[in-house]
Amino acid sequence: MVEPGSLGGRVAIVTGGARGLGRAFCLAFAQAGAAVAVADLNFEQAQNTTAQILAKGGDALALPVDVSDETSAQRMAAQTAERWGRIDILVNNAAIYGGLARKPFDAITPEEWDRVMAVNVKGPWLCAKAVSPWMKAQKAGKIINISSATFYSGSANWAHYVTSKGGVIGLTRALAKELGDYGIHVNAIAPGFTLTEASQQLIPNAERYGVERGALKRAEQPEDLVGAALFLASSASDFMTGQTMIVDGGRQFN
């Protein structure tokens, strides 16, 4: 359950905020009192998520962003700071996932590999780089990177995606060491297979996929990630950094 006011006065950027996990994070942060920049490559869908927040009395701004482009990431941060005067939270959620064909590692083209890495690993780095001046000036900030539990288990015919999500964990640990002196906390969430629109397009009968391997025996929903995100965004996690929280219903206990 979202604690109303628990993020009151905070400003959050959520990349890939237009739908799926990103939309769930945006709605939850707004309900908890944060002003939210809904940043997404699909600006029309970002506007839809923003409209949902505004309709509930929240404060939000839709921003078009290509996280793999440094100029775009910098513009996203500048527009957020111009609107609200600060940046407290960054959720690096944008990633290439839906529509990514599963194929043997030796059938992946260099172009496809590079595109996955550009969005899934370079993107979080560029966005962290873009918000860091404001967080450093404040001597406070929360960066939450979205990895994947598939990094721990591996997944056949998905080498580019699995590798990229491992890179996110490496980036999380490196940034935590580098930014700690500025009061900036950097942590990651590793979701299990979550029943988003993209997942349902990717896997037939997605609502049953892997359910029996979990301890809780039900499909993971986007809302199941909200509690971990709110914890990492709030003062409750102020002595936690460089960590990855696996939220997968007990499919693995690594």
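See the values below:
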item: Residue in the stretch 71-91 that is farthest from the chain's Cα centre (by Cα), counting only those that are of a type in the set (A, V, I, L, M, F, W, C) and outside any helix (DSSP H, G or I); result: Ile87
item: Single residue of the stretch 8-34 satisfying the filter (farther than 15 Å from Ala229 by Cα and in contact with a helix residue (DSSP H, G or I) (Cβ under 9 Å, 6 or more places away or on another chain)) that is surrounded by the most Cβ atoms within 10 Å (Cβ to Cβ); result: Ala18
item: In the stretch 43-70, the residues that are more than 20 Å from the chain's Cα centre (by Cα), over 13 Å from Cys26 (Cα atoms) and either assigned to a helix (DSSP H, G or I) or among the aliphatic types (A, V, I, L, M) (or both); result: Ala55
item: Search result, residues across the stretch 79-108 that are touching a residue at least 24 places away in the same chain (Cβ under 8 Å) and among the aliphatic types (A, V, I, L, M); result: Ala81, Ile87, Ile89, Leu90, Val91, Ala94, Ala95, Ile96, Leu100, Ile108
item: Residue in the stretch 110-119 that is out of contact with any Gly (no Cβ under 7 Å at 6 or more places or on another chain), at pLDDT 95 or above, part of a helix (DSSP H, G or I) and under 19 Å from Leu21 (Cβ atoms) present; result: yes
item: Scope the stretch 130-167; condition farther than 16 Å from Leu232 by Cα, assigned to a helix (DSSP H, G or I) and out of contact with any helix residue (DSSP H, G or I) (no Cβ under 6 Å at 6 or more places or on another chain); matching residues; result: Ser132, Pro133, Ala137, Gln138, Tyr152, Ser153, Tyr161, Thr163
item: Yes/no for Ala24 being modelled with pLDDT of 95 or more, part of a helix (DSSP H, G or I) and of a type in the set (Gly, Ala, Ser); result: yes
item: Check on Ala37, farther than 18 Å from Ala228 by Cβ, modelled with pLDDT of 95 or more and assigned to a strand (DSSP E or B); result: yes
item: Check on Thr71, modelled with pLDDT of 95 or more and exposed (fewer than 15 other Cβ atoms within 10 Å of the Cβ); result: yes
item: Unmet criterion (only one of (1) over 20 Å from the mean Cα position of the chain (by Cα); (2) part of a helix (DSSP H, G or I)) for Lys103; result: (2)
item: Of the criteria (1) in a loop (DSSP other than H, G, I, E, B); (2) at pLDDT 65 or above, which one Asp224 fails; result: (1)
item: Some residue of the stretch 149-160 being at pLDDT 95 or above and within 14 Å of the chain's Cα centre (by Cα); result: no
item: Tabulated pairs, the stretch 156-173, first without any contact (Cβ under 8 Å) to a residue 40 or more places away in the chain, second small (Gly, Ala, Ser) and in a helix (DSSP H, G or I), C-beta under 9 angstrom, 6+ apart or interchain; result: Val162/Ser153
item: Residue list for the stretch 8-38, restricted to those being of a type in the set (D, E, K, R) and under 19 Å from Val131 (Cα atoms); result: Arg10
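The values are calculated or read from the model by the stated rules, or taken from the named source; none is laboratory data. Predicted model only: the values in this text are computed from it and were never measured. Note: ideal-geometry Cβ built from the backbone for every residue, glycine included; neighbour counts use all protein chains shown.
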